[in-house]
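Down below is the structure, laid out as C-alpha coordinates.
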Amino acid sequence: MKSWFLATLSLVCSLALAQAPQPTQRLRGTVESFDGSTLVMKERSGELLRLALADKLSVSEVLPIALSAIQPGSYVGSAAMAAADGSLNALEVLVFPEAARGSGEGHYPWDLMPGSTMTNATVADLVTSAQGRTLTLKYKDGSKLLNVAEGVPVVTFKPADRSLLVPGAKVLVTAQLRDGTPTALRGTAGRNGFAPPM
(Lines give C-alpha, C1' and ligand atoms only; values in the text may rest on other atoms or scores of the structure.)
Protein backbone atom coordinates (compact mmCIF):
# COMPACT_ATOMS: atom_id res chain seq x y z
CA MET A 1 0.00 0.00 0.00
CA LYS A 2 2.79 2.38 0.94
CA SER A 3 4.73 1.82 -2.30
CA TRP A 4 1.52 2.37 -4.33
CA PHE A 5 0.92 5.65 -2.48
CA LEU A 6 4.49 6.86 -3.05
CA ALA A 7 4.30 5.97 -6.74
CA THR A 8 0.98 7.82 -7.07
CA LEU A 9 2.37 10.85 -5.22
CA SER A 10 5.42 10.85 -7.50
CA LEU A 11 3.19 10.77 -10.59
CA VAL A 12 1.00 13.62 -9.28
CA CYS A 13 4.09 15.72 -8.46
CA SER A 14 5.54 15.05 -11.92
CA LEU A 15 2.31 16.14 -13.57
CA ALA A 16 2.16 19.27 -11.39
CA LEU A 17 5.71 20.19 -12.33
CA ALA A 18 5.00 19.58 -16.00
CA GLN A 19 2.01 21.94 -15.80
CA ALA A 20 3.79 24.64 -13.79
CA PRO A 21 3.69 27.91 -15.73
CA GLN A 22 6.92 29.17 -17.23
CA PRO A 23 8.21 32.50 -15.87
CA THR A 24 7.50 35.60 -17.92
CA GLN A 25 10.15 37.97 -19.23
CA ARG A 26 9.98 41.63 -20.23
CA LEU A 27 11.47 42.43 -23.62
CA ARG A 28 12.16 46.00 -24.74
CA GLY A 29 12.94 47.01 -28.27
CA THR A 30 11.66 47.92 -31.72
CA VAL A 31 9.23 46.11 -34.01
CA GLU A 32 11.00 44.84 -37.13
CA SER A 33 7.96 43.18 -38.67
CA PHE A 34 4.52 41.89 -37.76
CA ASP A 35 2.41 39.65 -40.00
CA GLY A 36 -0.52 39.05 -37.67
CA SER A 37 0.83 35.78 -36.29
CA THR A 38 4.53 36.44 -35.63
CA LEU A 39 6.12 39.51 -34.07
CA VAL A 40 9.77 40.08 -34.97
CA MET A 41 11.46 42.60 -32.72
CA LYS A 42 14.98 43.85 -32.18
CA GLU A 43 15.55 43.67 -28.44
CA ARG A 44 17.54 46.45 -26.75
CA SER A 45 20.46 44.01 -26.53
CA GLY A 46 20.51 43.98 -30.35
CA GLU A 47 19.17 40.42 -30.55
CA LEU A 48 16.50 39.73 -33.18
CA LEU A 49 13.59 37.82 -31.62
CA ARG A 50 10.69 36.01 -33.29
CA LEU A 51 7.64 35.72 -31.06
CA ALA A 52 4.44 33.79 -31.58
CA LEU A 53 1.30 35.49 -30.27
CA ALA A 54 -0.87 34.29 -27.41
CA ASP A 55 -4.51 33.84 -28.43
CA LYS A 56 -5.50 36.58 -26.01
CA LEU A 57 -2.60 38.95 -26.71
CA SER A 58 -3.45 42.32 -25.17
CA VAL A 59 -2.01 45.53 -26.60
CA SER A 60 -1.88 48.91 -24.85
CA GLU A 61 -0.77 52.28 -26.14
CA VAL A 62 1.50 54.28 -23.84
CA LEU A 63 1.08 58.07 -24.00
CA PRO A 64 3.12 60.93 -22.52
CA ILE A 65 1.23 63.16 -20.07
CA ALA A 66 2.11 66.19 -17.94
CA LEU A 67 3.80 65.89 -14.55
CA SER A 68 0.81 67.79 -13.16
CA ALA A 69 -1.37 64.73 -13.92
CA ILE A 70 0.09 63.14 -10.78
CA GLN A 71 -2.25 64.12 -7.95
CA PRO A 72 -2.95 62.93 -4.39
CA GLY A 73 -4.94 59.72 -4.75
CA SER A 74 -3.41 58.82 -8.13
CA TYR A 75 -2.40 55.18 -8.46
CA VAL A 76 1.06 55.13 -10.03
CA GLY A 77 3.92 52.83 -10.92
CA SER A 78 7.49 54.09 -10.95
CA ALA A 79 10.74 52.48 -11.97
CA ALA A 80 13.38 54.13 -9.79
CA MET A 81 16.86 54.00 -8.35
CA ALA A 82 17.59 54.25 -4.63
CA ALA A 83 19.05 57.55 -3.41
CA ALA A 84 21.67 57.80 -0.65
CA ASP A 85 19.05 58.97 1.87
CA GLY A 86 16.81 55.95 1.28
CA SER A 87 14.31 57.73 -0.93
CA LEU A 88 13.81 56.81 -4.59
CA ASN A 89 14.70 58.80 -7.71
CA ALA A 90 12.15 58.13 -10.45
CA LEU A 91 13.30 56.93 -13.86
CA GLU A 92 9.70 57.16 -15.10
CA VAL A 93 6.18 57.37 -13.68
CA LEU A 94 3.13 55.57 -15.05
CA VAL A 95 -0.23 57.01 -13.96
CA PHE A 96 -2.60 54.06 -14.11
CA PRO A 97 -6.11 54.49 -15.48
CA GLU A 98 -8.65 54.13 -12.67
CA ALA A 99 -9.75 50.72 -13.98
CA ALA A 100 -6.20 49.41 -13.36
CA ARG A 101 -5.94 50.66 -9.75
CA GLY A 102 -4.23 48.04 -7.59
CA SER A 103 -2.26 46.43 -10.45
CA GLY A 104 1.02 44.94 -9.21
CA GLU A 105 0.81 46.80 -5.90
CA GLY A 106 4.03 46.82 -3.87
CA HIS A 107 7.75 47.51 -4.08
CA TYR A 108 10.05 45.02 -5.83
CA PRO A 109 13.12 44.65 -8.09
CA TRP A 110 12.73 45.78 -11.72
CA ASP A 111 14.80 45.18 -14.82
CA LEU A 112 14.80 48.59 -16.51
CA MET A 113 18.36 49.21 -15.28
CA PRO A 114 20.71 47.24 -13.01
CA GLY A 115 19.61 47.88 -9.43
CA SER A 116 16.29 49.51 -10.37
CA THR A 117 13.05 48.89 -8.51
CA MET A 118 9.34 49.22 -9.26
CA THR A 119 6.84 50.73 -6.83
CA ASN A 120 3.13 50.50 -7.62
CA ALA A 121 1.22 52.50 -5.04
CA THR A 122 -1.21 55.29 -4.24
CA VAL A 123 0.05 58.86 -3.96
CA ALA A 124 -0.74 59.73 -0.33
CA ASP A 125 0.93 63.15 -0.43
CA LEU A 126 2.97 65.31 -2.78
CA VAL A 127 5.17 68.36 -2.47
CA THR A 128 5.91 70.53 -5.50
CA SER A 129 9.19 72.38 -5.92
CA ALA A 130 11.18 74.02 -8.71
CA GLN A 131 13.02 70.69 -9.18
CA GLY A 132 9.84 68.61 -9.62
CA ARG A 133 7.70 66.71 -7.14
CA THR A 134 8.28 64.55 -4.10
CA LEU A 135 5.61 61.89 -3.68
CA THR A 136 4.75 59.81 -0.64
CA LEU A 137 3.68 56.45 -2.05
CA LYS A 138 1.65 54.07 0.11
CA TYR A 139 1.12 50.40 -0.69
CA LYS A 140 -0.20 47.45 1.30
CA ASP A 141 3.12 46.58 2.95
CA GLY A 142 4.67 50.01 3.44
CA SER A 143 5.52 53.35 1.90
CA LYS A 144 8.28 55.05 -0.10
CA LEU A 145 9.35 58.62 -0.79
CA LEU A 146 9.72 59.19 -4.55
CA ASN A 147 11.52 62.15 -6.12
CA VAL A 148 10.23 62.97 -9.61
CA ALA A 149 12.53 65.50 -11.28
CA GLU A 150 11.45 67.77 -14.12
CA GLY A 151 11.99 65.95 -17.40
CA VAL A 152 11.36 62.44 -16.03
CA PRO A 153 8.92 60.70 -18.42
CA VAL A 154 5.35 60.63 -17.09
CA VAL A 155 2.94 58.41 -19.02
CA THR A 156 -0.38 56.63 -18.95
CA PHE A 157 -1.83 53.93 -21.18
CA LYS A 158 -5.05 53.03 -22.93
CA PRO A 159 -6.34 49.91 -24.68
CA ALA A 160 -5.15 49.49 -28.26
CA ASP A 161 -5.05 46.76 -30.89
CA ARG A 162 -2.46 44.96 -32.97
CA SER A 163 -2.46 47.71 -35.60
CA LEU A 164 -0.12 49.60 -33.24
CA LEU A 165 2.59 46.97 -33.86
CA VAL A 166 4.06 48.55 -36.99
CA PRO A 167 7.72 48.39 -38.03
CA GLY A 168 9.67 50.97 -36.04
CA ALA A 169 7.23 51.02 -33.10
CA LYS A 170 8.96 50.97 -29.72
CA VAL A 171 7.56 48.17 -27.58
CA LEU A 172 7.65 46.55 -24.17
CA VAL A 173 6.55 42.93 -24.53
CA THR A 174 5.81 40.43 -21.79
CA ALA A 175 6.71 37.00 -23.16
CA GLN A 176 6.75 33.40 -22.00
CA LEU A 177 8.07 30.11 -23.32
CA ARG A 178 5.04 28.03 -24.34
CA ASP A 179 5.64 24.52 -25.68
CA GLY A 180 9.20 25.58 -26.42
CA THR A 181 8.10 28.65 -28.41
CA PRO A 182 8.73 32.24 -27.23
CA THR A 183 5.23 33.72 -27.07
CA ALA A 184 4.10 37.33 -26.60
CA LEU A 185 1.39 37.64 -23.94
CA ARG A 186 1.10 41.43 -23.65
CA GLY A 187 2.46 44.33 -25.62
CA THR A 188 2.77 48.01 -24.77
CA ALA A 189 3.72 50.28 -27.64
CA GLY A 190 4.17 53.95 -28.36
CA ARG A 191 2.91 55.77 -31.42
CA ASN A 192 5.17 57.69 -33.84
CA GLY A 193 8.37 56.39 -32.25
CA PHE A 194 7.45 57.13 -28.62
CA ALA A 195 9.11 54.47 -26.42
CA PRO A 196 7.45 52.96 -23.33
CA PRO A 197 9.81 54.22 -20.61
CA MET A 198 9.10 51.36 -18.20
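The values are calculated or read from the model by the stated rules, or taken from the named source; none is laboratory data. From a predicted model like this one, the values you see are computed outputs, not experimental measurements. Heads up, the Cβs are rebuilt from the backbone with ideal geometry, glycines too, and the neighbour counts pull from every protein chain shown.
Remarks
- Condition check for residue 157: closer than 29 Å to residue 39 by Cβ and over 13 Å from the mean Cα position of the chain (by Cα): no
- Within the stretch 128-141, considering residues that are surrounded by 11 or more Cβ atoms within 10 Å (Cβ to Cβ) and either of a type in the set (Asp, Glu) or modelled with pLDDT of 95 or more (or both), the one farthest from residue 77 (Cα to Cα): 134
- Failed item in (1) part of a strand (DSSP E or B); (2) more than 30 Å from residue 52 (Cβ to Cβ), with residue 151 passing the rest: (1)
- Checked against the criteria, residue 24 does not count as modelled with pLDDT of 95 or more, under 18 Å from residue 173 (Cα atoms), among the polar types (S, T, N, Q) and under 21 Å from the mean Cα position of the chain (by Cα).
Yes/no per residue for (1) farther than 30 Å from residue 178 by Cβ; (2) in contact with an Asp or Glu (Cβ under 7 Å, 6 or more places away or on another chain); (3) free of Cβ contacts under 8 Å to residues at least 12 places away in the same chain:
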| site | (1), (2), (3) |
| --- | --- |
| 52 | no, no, no |
| 65 | yes, no, no |
| 76 | yes, no, no |
| 90 | yes, no, no |
| 98 | yes, no, no |
| 109 | no, no, yes |
| 132 | yes, yes, no |
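- Strands (runs of 3 or more DSSP E) contained in the stretch 31-133 and holding at least 2 residues touching a Pro at 6+ places or on another chain (Cβ under 7 Å) and among the aliphatic types (A, V, I, L, M): 48-64, 117-129
- Test: residue in the stretch 187-197 that is touching a Lys or Arg at 6+ places or on another chain (Cβ under 9 Å), over 27 Å from residue 86 (Cα atoms) and loosely packed, with under 15 Cβ neighbours inside 10 Å: yes
- Answer residue from the stretch 148-168, given it is farther than 30 Å from residue 130 by Cα and small (Gly, Ala, Ser) and is surrounded by the most Cβ atoms within 10 Å (Cβ to Cβ) among those: 160
- The stretch 97-118: number of residues that are hydroxyl-bearing (Ser, Thr, Tyr) and under 21 Å from residue 61 (Cα atoms): 1
- Tally of residues being over 19 Å from the mean Cα position of the chain (by Cα) and within 18 Å of residue 28 (Cβ to Cβ) across the stretch 50-75: 1
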